[in-house]
């Protein structure tokens, strides 16, 4: 079996036993640590938690069974296996050790390899696939002893007659014998000689630990112990902390009344000053154990509440996302309808010119139809008369008329195809678009408005294919070029009136496309620039021209939706559209920037 940095801690094991076991365990990759007693075990938990603990039956400061009990009190150490080393085979003793918390027992008379196998079995959970202990910390139970000179606990337990077999612990430090006894019992104890210095929240200047149990000396004349118990009880109710309070009092004839008053003040347990030290430790351990269990229940309830809150939040987020998706779909549909409405409005404005475009080729075809018919009749008559030369002349003339008619019919066909493409309904979907072809279609539809007076120059240097909505060209370019033509024609009409009908030179609209590095982030932008020789847009109006229903045209000549629709379409491409004055042509210059192949970067978009 292979181990991943598993640590085995030996506590209170003598050097001879360690020498017998070290070589067998280290050759399997186990990391061994040795501490002298149980107190050192708990103090070392602040740095690192071992994966397994090996102890003798009796440690210098406690029994192996008591160590097991303390380990099982804390959620962080509850799962640490404990192996107890026995000096000889004693089934009754082994049964007792296992019954009181040990995970395995090993007799030192047996082969150390057997111990290795037992450890391997206990550490199987720490194999390659074992989860790490994330967020698991150990905290020793904290006990605050509140007493002062004159109180019974100040020097308790003192030198007195004790029952046979009970060890008397003498004072060994300035904190007193009781504090030392608690520390040797695996608890983090401190002496508090002033109730005002009792830090229940554990947030004092020393960064102390909040106490799990407060032992109050009710015999001390320096402070009122019952008042302190009431203070702790109030803190407990206010913060929902489970801190326990134990009172120590002297026996008296009115003990029952004193007990009633003490418990009403908030005491959780009361003991007499003549209690045996081992029983006193057991009573304190019971309070701490109960407090630890309640803390764990609160943590589990908090985790469950947090899990419920996260589940509710996730459910609400799913509903919000569904509502947002539905709203987004409605917005896309509304945008498509708006584009369609604006498109129909554009066609309405171009209706007269389009009708003229239809009428001229149609009249041309009809006029040549009668000529071609007469030429065919003349050719038939000449053939009947045997005049082959005259028949050839007539057929040649008819052929010329048919060829001319085909030119007119081709013009009609191109116009119909352009209209069909322009009026298709897939404007809101992203797909691959041939930009030069789409611009050519738009210019075909605008040809009647542009006439002979406005020259359109296309300098399309960007790649021909762009992934976008068809409306990016069909609507945006159509609206901008149409507005430019209206502005130019209005300017030309004003110039003619000012000059008495004199001829005015040709105007120009320039369409440019290019790929440019993105202003922010990586990648390129597809840039369309449309400039004209018109009067331009005043600076004060450049921000307002994209507002819905805003127009500078006379009443009845514009809806105010063209550029607003164009702005919305460009925004749907995560792009931008700005107006400046053209330095080269002098009129307005619209610059449209959209991410190159933008649709492929949009999650969930289908690209045709």
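The values are calculated or read from the model by the stated rules, or taken from the named source; none is laboratory data. These numbers were taken from a predicted model, which means no experiment stands behind them. Ideal geometry is used to build each Cβ from the backbone, glycine not excepted, and the neighbour counts take in all protein chains shown.
Numbers at a glance
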read-out	value
Residues satisfying the stated conditions in segment 26-49, i.e. in contact with a strand residue (DSSP E or B) (Cβ under 6 Å, 6 or more places away or on another chain) and either part of a strand (DSSP E or B) or under 22 Å from residue 121 (Cα atoms) (or both)	30, 31, 32, 33, 34, 35
Among the residues listed as 286, 322, the single one being under 28 Å from residue 242 (Cβ atoms) and assigned to a helix (DSSP H, G or I)	286
Complete set of residues in segment 64-97 that are without any contact (Cβ under 8 Å) to a residue 12 or more places away in the chain and over 26 Å from residue 28 (Cα atoms)	90, 91, 92, 94, 95
Selection from segment 265-281 of residues that are surrounded by fewer than 14 Cβ atoms within 10 Å (Cβ to Cβ) and under 50 Å from the mean Cα position of the chain (by Cα)	none
Where residue 448 falls short, out of the listed (1) within 20 Å of residue 528 (Cα to Cα); (2) touching a residue at least 60 places away in the same chain (Cβ under 8 Å); (3) in contact with a helix residue (DSSP H, G or I) (Cβ under 7 Å, 6 or more places away or on another chain)	(1)
Qualifying positions in segment 518-537 - at positive phi and either assigned to a strand (DSSP E or B) or at pLDDT 90 or above (or both)	none
Of all residues in segment 1-36 being surrounded by 15 or more Cβ atoms within 10 Å (Cβ to Cβ), under 16 Å from residue 67 (Cα atoms) and without any contact (Cβ under 8 Å) to a residue 60 or more places away in the chain, the one that is nearest to the chain's Cα centre (by Cα)	9
Flag if residue 62 is out of contact with any strand residue (DSSP E or B) (no Cβ under 9 Å at 6 or more places or on another chain) and surrounded by 20 or more Cβ atoms within 10 Å (Cβ to Cβ)	yes
Some residue of segment 84-91 being part of a loop (DSSP other than H, G, I, E, B), in contact with a helix residue (DSSP H, G or I) (Cβ under 6 Å, 6 or more places away or on another chain), closer than 30 Å to residue 177 by Cβ and at pLDDT 90 or above	no
Unmet criterion (only one of (1) closer than 27 Å to residue 467 by Cβ; (2) at pLDDT 80 or above; (3) out of contact with any strand residue (DSSP E or B) (no Cβ under 9 Å at 6 or more places or on another chain)) for residue 396	(1)
Output for segment 1-19, where each listed residue is at pLDDT below 85 and part of a helix (DSSP H, G or I)	none
Criterion violated by residue 506 - all others in (1) closer than 20 Å to residue 566 by Cα; (2) exposed (fewer than 12 other Cβ atoms within 10 Å of the Cβ) satisfied	(1)
Qualifying residue in segment 70-81 (condition: farther than 23 Å from residue 284 by Cβ and touching a strand residue (DSSP E or B) at 6+ places or on another chain (Cβ under 8 Å))	yes
Given (1) out of contact with any strand residue (DSSP E or B) (no Cβ under 9 Å at 6 or more places or on another chain); (2) modelled with pLDDT of 85 or more, index of the condition residue 300 fails	(2)
Output for segment 524-540, where each listed residue is touching a strand residue (DSSP E or B) at 6+ places or on another chain (Cβ under 9 Å) and loosely packed, with under 12 Cβ neighbours inside 10 Å	539
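To keep it simple, each residue is scored yes or no on (1) at pLDDT below 85; (2) touching a helix residue (DSSP H, G or I) at 6+ places or on another chain (Cβ under 9 Å); (3) in a helix (DSSP H, G or I).
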{"residue": "468", "(1), (2), (3)": "no, yes, no"}
{"residue": "479", "(1), (2), (3)": "yes, yes, yes"}
{"residue": "484", "(1), (2), (3)": "no, no, yes"}
{"residue": "491", "(1), (2), (3)": "no, no, yes"}
{"residue": "503", "(1), (2), (3)": "yes, yes, no"}
{"residue": "510", "(1), (2), (3)": "no, no, no"}
{"residue": "516", "(1), (2), (3)": "no, no, no"}
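Yes or no, residue by residue, for (1) modelled with pLDDT under 85; (2) assigned by TED's automatic domain parsing to the domain that holds residue 151; (3) more than 19 Å from residue 153 (Cβ to Cβ):
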{"residue": "209", "(1), (2), (3)": "yes, yes, yes"}
{"residue": "214", "(1), (2), (3)": "no, yes, no"}
{"residue": "228", "(1), (2), (3)": "no, yes, no"}
{"residue": "256", "(1), (2), (3)": "yes, yes, yes"}
{"residue": "286", "(1), (2), (3)": "yes, yes, no"}
